[in-house]
Amino acid sequence: MLWKWRALTVLTLVAVARAASAGDEDPLAPPSAPATIRLHQFSLEECLSLSDRNFPNLWAARARLAYVHAQLDEAKWTPWFQWSASSTFGVAPPLLGTVVFPQSTLSSTNIGSLNGLEPFFHFDISGVVPLYTFGKMENAVRAAEAGERVSEWDMERARQQMRMDVRRAWFGLQLARDAKYLVGDALQRIDKGIQGVKDKIAKGDQNVGDVDRLRLESFRQDITSQSLQAPKGEAYALAALRFMTGVETGFDVVDEPLRRPDRPLVAIAQYLEAARILRPDVNMARAGVVARRAMVDFNRGKLFPDFGLGLGASYYDTPSADLQNNLWANGDNNLNHFYWYAVLGFKWNLDLLPQAARTRQAEAQLEETRAMERLALGNAEFEVEKAYADAIEAKAREETWDKAEHISKQWISITQDHIDLGTWDETKLLEPLRAYGNARVAHLQALMDLNVTMSNLAMVSGWDSAAPSGT
């Protein structure tokens with residue numbers, strides 16, 4: 001094995017020497033451009049998925065839902081577990097004789113003496129199996145199930161609000177980055193114009209002067225001052241996305257430009273219908289009506305008795321006490337017995353007038369919840385119509401500024417051609433650049449507004465899949 005290792009070493013040195021003699025790079029030298037590990041760039045869908053798992057408000061909503069699940073289990077099992085048990089144990093002195101002829105003496109029952117003390121044990125169990133409760137059990141379960149649905153829709157409401165916040169931060173981040181690129185392009189064009197003016201001044205061109213140079217430099221400073229807003233907006237958006245996704249380190253998103261939503265803006269009737277079916281607060285109100293109606297029926301049932309089967313058993317063993325054969329000694333105080341029982345009976349709380357008042361209270365709460373359901377439906381229609389109007393306006397504004405941006409680009413191109421031909425000077429570039437900058441910024445803002453308003457329309461209608469996907 002040693003000779004193989006030496007041969008491999010010699011061959012390696014020979015290859016290095018040949019490469020050096022041929023003028024090639026040293027094959028053992030590190031590469032001039034070392035490879036780097038690029039951070040994963042999250043898409044909007046990945047950010048939404050991470051927020052669904054990690055956002056604290058959703059964890060709180062899940063905890064509330066788990067609490068309501070436990071309440072439902074309590075409502076289901078409570079009527080069947082009306083049982084109680086008790087037990088006593090210890091030591092007792094000799095208890096001799098009968099009720100008629102007791103033979104115990106002071107010395108024999110002296111607890112201070114350990115003579116004759118023996119252990120005793122007592123165990124009782126009793127309970128009721130409900131047979132007919134005039135709907136109390138069923139209505140209690142119905143109310144708990146409706147409360148569970150209320151909590152589920154409450155969690156969905158928190159989820160949709162969170163997804164709206166993620167989308168707003170996402171599109172805001174895209175706007176900030178596009179603004180940075182826009183500023184970089186504008187500064188590059190102005191710097192080129194400033195340098196051209198300086199060159200002409202140096203050559204003694206009488207068509208331009210220091211005033212033209214200062215005008216361009218002043219415009220450059222104006223753009224530079226406005227560009228400071230973009231890094232701040234980017235930092236805000238990234239901080240918001242890191243918080244909502246739970247990815248605190250090494251977080252970055254796909255660097256893509258703002259574009260028009262990939263979801264079409266359909267007729268308003270579809271959004272209104274979706275709101276009636278999918279909107280969380282509307283469904284919460286519907287479930288609340290079911291719960292309140294069940295509570296009315298539950299309180300009405302409490303005006304009537306509960307019929308049930310009573311079961312029980314008792315066991316008492318005291319070896320130190322004589323067995324009592326007398327009938328009158330076989331009561332609760334007998335120290336040696338075993339018996340069980342099964343009886344039919346009913347329990348009736350006769351607070352009929354207070355219970356009638358509680359029934360009216362439940363009916364009033366039911367009417368209040370019905371009014372809240374109508375309010376939720378009306379508010380849903382209002383918010384959908386408002387969001388739809390905002391989306392229509394943002395769509396028209398985006399199309400208008402898109403045309404203005406293309407016109408200003410043509411203006412810049414024509415002006416640049418004249419400058420290159422020498423028929424115009426660089427100061428002619430100032431006005432088309434200003435027009436292009438204003439149109440581009442307004443177009444970017446309109447694109448963000450359109451994506452945000454479409455996202456808001458999806459949220460207020462409960463139709464989450466109608467929101468832009470960001471791709």
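The values are calculated or read from the model by the stated rules, or taken from the named source; none is laboratory data. On a predicted model such as this, the values are computed, not experimentally measured, just so you know. When we count neighbours, we look across all protein chains shown, and the Cβ atoms used for this are built from the backbone with ideal geometry, even at glycine. These accessible areas exclude ligands, DNA and RNA; they are computed on the full protein's heavy atoms, side chains included. Shrake-Rupley method; radii C 1.70, N 1.55, O 1.52, S 1.80 Å.
For the stretch 353-367, just list the computed ³J(HN,Hα) in residue order, Karplus coefficients 6.51, -1.76 and 1.60, θ = phi - 60°, integers in Hz, with x standing in for Gly and Pro.
Each residue's phi maps through the Karplus curve to give 5, x, 5, 4, 5, 5, 5, 5, 4, 5, 5, 5, 5, 5, 5 Hz.
Quote the FRET efficiency, to the nearest 0.05, computed for Ile125 versus Glu367 with a Förster distance R0 of 41 Å and r equal to the Cβ-Cβ distance.
0.35
For the stretch 363-458, evaluate the Debye formula with one uniform point scatterer on each Cα (no solvent term) and list log10 I(q)/I(0) at q = 0.11, 0.21 Å⁻¹, rounded to two decimals.
Result of the Debye calculation: -0.53, -0.95.
Tally Lys and Arg at +1 and Asp and Glu at -1 over the other residues with C-beta under 15 Å from the C-beta of Ser227: what net charge comes out?
+2
Enter the accessible area per residue of the stretch 342-448 (Å², integer; probe 1.4 Å; all protein chains in place).
It amounts to 61 Å² per residue over the stretch 342-448.
Sum -39500 (n - 2.57) across every DSSP H segment of at least 4 residues in the chain, then divide by the residue count to get the 222 nm mean residue ellipticity, nearest 500.
-22000 deg cm²/dmol
Give Lys180/Lys395; Lys192/Lys395; Lys200/Lys409; Lys180/Lys428; Lys180/Lys200; Lys232/Lys386 a once-over and call out the pairs whose C-alpha atoms are over 27 Å from each other.
Lys192/Lys395; Lys180/Lys200; Lys232/Lys386
Putting +1 on Lys and Arg Cβ atoms and -1 on Asp and Glu Cβ atoms, find which of Ala364, Leu353, Gln410 reaches farthest to the positive end of the dipole of the stretch 348-471.
Working it through, the farthest residue towards the positive pole turns out to be Leu353.
Only one of the listed values, (i) 68; (ii) 41; (iii) 52, was derived from the coordinates as percent of Cα pairs over 33 Å apart; which label is it?
So the calculated entry is the one marked (i).
At most 10 other C-beta atoms within 10 Å and a DSSP loop state: those are the exposed trypsin sites (Lys or Arg not before Pro) I care about. Give me the longest piece of the chain that has none.
204-471
Pull up all non-local amide H partners of Ala92: gap of 5 or more, or a different chain, and H-to-H distance under 5 Å with H placed in the peptide plane.
Glu118, Phe120
Take the chain, mark every one of the GluC sites (Glu not before Pro) that falls in a DSSP loop and has at most 11 other Cβ within 10 Å, then report the longest stretch left between them, sites excluded.
Maximal segment without exposed cleavage sites: 249-471.
Could you give each residue of the stretch 241-254 its phi-based ³J(HN,Hα) in whole Hz, using Karplus coefficients 6.51, -1.76, 1.60 with θ = phi - 60°, and x for Gly or Pro?
For the stretch 241-254, the Karplus curve yields 5, 4, 5, 6, 7, x, 9, 8, 10, x, 9, 7, 10, 4 Hz.
How much of the accessible area of the stretch 279-406, in percent, comes from carbon and sulfur atoms when a 1.4 Å probe is used?
Working: 4660 of 7770 Å².
Carbon plus sulfur share of accessible area: 60 percent.
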